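This report refers to the structure that appears directly beneath it.
The values are calculated or read from the model by the stated rules, or taken from the named source; none is laboratory data. Here the structure is a predicted model, which means the values were calculated and not measured. Cβ coordinates were reconstructed from backbone atoms using ideal geometry, including for glycine residues, and neighbour counts include every protein chain displayed.
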């Protein structure tokens, strides 16, 4: 490594395949070509980044273990998915002038256990009271830390939903949010000469079948089943992914007899392009939407919910979203009674496939291309001024509540 360049670390020890390690790896690979920094990945020895990074590039792996200290020096830059500081692993030893960067990659990154607990209360007034209680008594220091990160231009939001939720949940003043969207590489419109099958609509979902994704996926399948039944449309829906709610999803879809549902555990990202050749439309949230649309697959952005969807959700194309948003929490504002949005989308595929494909592709190319956003990311971290010494050290301590419930530091497995 070049001793004259600053060290840039991407911290995300994780053994599974997920949006964050894929994102960090993509950015690290690109920046290693620019050769502006010494690039380091911090991961378990058997983690996704550790197993997947290009060892021929200007990248080094720092092996993460909970019982081993990792020491950072002055002028080092460490990029994290944002988290409450009390959750910061205790085996990270920062120098006073180590620069810390937070990338907010989930709307509840900074609200930890509070979001998990409040969602169990069905009454919205009670949810509000729980949120206020957590905000001012449990997450008081996290509110302060986000303010410091923002004042020092050191927290970046992947999209508008992440910004709005962080601002609302913690009641923190973020007047001018800094956006650093997700990034995508190897963009290639493979649908330019594609003609959809007149008889069958081949649809696909990719993503973990988790608590906030399963309900919108189930709702989508139910609505497609109605369309197939009422309009005599043959629909095949391929679900790629596993998760703790997979059994629930399969049980709930047993009665959907008018569409064909296929399940696949996993597709290697290197094989996705070939797999999508025969697909007509993609449904997803988060990074999966980018992986669909970068190949010109017309892509519907699905929003998330932690409970059954009982109102008429309005479906929309990914390219119509604002502020790089890749998924919002479903509220009344996203529902329109008796709307025909999904049927209209299916009809538009038959009438204007190439136009919809090009719109999806151009949206990704103009907003998420790694070449555009890597340069933007470099400018952001150079303007950032937050160093470890700017943070009150009591912000890193667990309060009594977290000790009582047995909360643990993150990445402790």
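Being modelled with pLDDT under 65, under 22 Å from residue 326 (Cα atoms) and part of a loop (DSSP other than H, G, I, E, B) is the filter here; which residues of the stretch 90-130 pass it?
Hit for the stretch 90-130 is 119, nothing else.
For (1) at pLDDT below 95; (2) surrounded by 18 or more Cβ atoms within 10 Å (Cβ to Cβ), each residue gets a yes or a no:
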| residue | (1), (2) |
| --- | --- |
| 161 | yes, yes |
| 164 | yes, yes |
| 168 | yes, no |
| 171 | yes, no |
| 180 | no, yes |
| 183 | yes, yes |
| 197 | yes, no |
| 207 | yes, yes |
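Among the residues of the stretch 59-89, what is the count of those that are in a loop (DSSP other than H, G, I, E, B) and either surrounded by 19 or more Cβ atoms within 10 Å (Cβ to Cβ) or touching a residue at least 60 places away in the same chain (Cβ under 8 Å) (or both)?
Adding up the residues that qualify gives 11.
What's the number of the only condition in (1) surrounded by fewer than 16 Cβ atoms within 10 Å (Cβ to Cβ); (2) over 22 Å from residue 164 (Cβ atoms) that residue 320 fails to meet?
Unmet condition: (2).
Hey, residue 39 hits all of (1) under 19 Å from residue 183 (Cα atoms); (2) out of contact with any helix residue (DSSP H, G or I) (no Cβ under 8 Å at 6 or more places or on another chain); (3) part of a strand (DSSP E or B) but one; which does it fall short on?
Failed condition: (2).
Give the stretch 1-36 a look and list any residue that's part of a loop (DSSP other than H, G, I, E, B) and more than 20 Å from the chain's Cα centre (by Cα), or say none.
1, 2, 3, 4, 5, 6, 35, 36 - these are the residues of the stretch 1-36 that are part of a loop (DSSP other than H, G, I, E, B) and more than 20 Å from the chain's Cα centre (by Cα).
Regarding the stretch 216-225, can at least one residue be identified that is at positive phi, modelled with pLDDT of 90 or more and assigned by TED's automatic domain parsing to the domain that holds residue 262?
no
Out of 373, 412, report the one residue that is out of contact with any strand residue (DSSP E or B) (no Cβ under 7 Å at 6 or more places or on another chain), assigned to a helix (DSSP H, G or I) and modelled with pLDDT under 95.
Step by step, each of 373, 412 is checked, and only 373 is out of contact with any strand residue (DSSP E or B) (no Cβ under 7 Å at 6 or more places or on another chain), assigned to a helix (DSSP H, G or I) and modelled with pLDDT under 95.
Based on what the data block shows, is residue 309 at pLDDT 95 or above, part of a loop (DSSP other than H, G, I, E, B) and under 25 Å from residue 244 (Cα atoms)?
It is true that residue 309 is at pLDDT 95 or above, part of a loop (DSSP other than H, G, I, E, B) and under 25 Å from residue 244 (Cα atoms).
So residue 303 fits all but one of (1) closer than 15 Å to residue 292 by Cα; (2) in contact with a helix residue (DSSP H, G or I) (Cβ under 8 Å, 6 or more places away or on another chain); (3) buried (at least 19 other Cβ atoms within 10 Å of the Cβ); what number is the exception?
Every listed condition holds for residue 303 apart from (1).
Please go through the stretch 225-260 and pick out each residue that is surrounded by 15 or more Cβ atoms within 10 Å (Cβ to Cβ) and within 23 Å of residue 191 (Cα to Cα).
Result: 233, 235, 236, 237, 238, 239, 240.
Looking at 275, 292 in this structure, which one is in a helix (DSSP H, G or I), at pLDDT 95 or above and under 19 Å from the mean Cα position of the chain (by Cα)?
Just a single option satisfies the conditions, and that option is 292.
Does at least one position in the stretch 328-351 carry a residue that is buried (at least 19 other Cβ atoms within 10 Å of the Cβ), modelled with pLDDT under 95, in the same structural domain as residue 304 (by TED's automatic domain parsing) and outside any helix (DSSP H, G or I)?
Looking for residues that are buried (at least 19 other Cβ atoms within 10 Å of the Cβ), modelled with pLDDT under 95, in the same structural domain as residue 304 (by TED's automatic domain parsing) and outside any helix (DSSP H, G or I), one finds at least one in the stretch 328-351, hence yes.
Hey, residue 147 hits all of (1) more than 30 Å from residue 293 (Cα to Cα); (2) assigned to a loop (DSSP other than H, G, I, E, B) but one; which does it fall short on?
The one condition residue 147 does not meet is (2).
State whether the residues of the stretch 278-290 include one that is in contact with a strand residue (DSSP E or B) (Cβ under 9 Å, 6 or more places away or on another chain) and surrounded by fewer than 16 Cβ atoms within 10 Å (Cβ to Cβ).
Within the stretch 278-290 (the criterion being in contact with a strand residue (DSSP E or B) (Cβ under 9 Å, 6 or more places away or on another chain) and surrounded by fewer than 16 Cβ atoms within 10 Å (Cβ to Cβ)), the answer is yes, since at least one residue qualifies.
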